[in-house]
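Below is one structure, written out as structure tokens; comments come after it.
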Amino acid sequence: ISGASSLGQTTAHAHVGDELYPINLLTEEMRTDETETRIRSMRRLRTVAQALGPDRTRSELLPFLSRTATSTMRARL
């Protein structure tokens, strides 16, 4: 996922057949206020990481998760 399609910059044009769909769905689910939806998305992290591969997981997924966790903690304080 590079450029405008990077994690955290989802697009409204993600389709089921699009390879970015699961990642875009994950980013949307991680941002929701619904606890059950967030938990469900966290359970899929291993699958997403495997699909991205080690390099993209390190360079894209982990920073996204860090930003998401930080912003969630700030919003809830």
Scanning the range 33-61 residue by residue, those among the β-branched types (V, I, T) and surrounded by fewer than 11 Cβ atoms within 10 Å (Cβ to Cβ) turn out to be T35, I39
Pairs under 6 Å by beta carbon, first residue in contact (Cβ under 8 Å) with a residue 40 or more places away in the chain and part of a helix (DSSP H, G or I) in the range 44-55, partner surrounded by 10 or more Cβ atoms within 10 Å (Cβ to Cβ) and of a type outside the set (D, E), six or more apart or different chains? L52/L61
List the residue pairs whose Cβ atoms are under 6 Å apart, where the first residue sits in the range 65-77 and is under 21 Å from L25 (Cβ atoms), the second is surrounded by 11 or more Cβ atoms within 10 Å (Cβ to Cβ), and the two are 6 or more positions apart or on different chains. T68/M30
In the range 57-77, what count of residues is obtained for those that are in a helix (DSSP H, G or I) and more than 12 Å from the chain's Cα centre (by Cα)? 9
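No value in this document is a laboratory result; all are computed from the given coordinates. Quantities reported herein were computed from a predicted structural model and do not represent experimental measurements. So basically every Cβ, Gly included, is an ideal-geometry build from the backbone, and we count neighbours across all protein chains shown.
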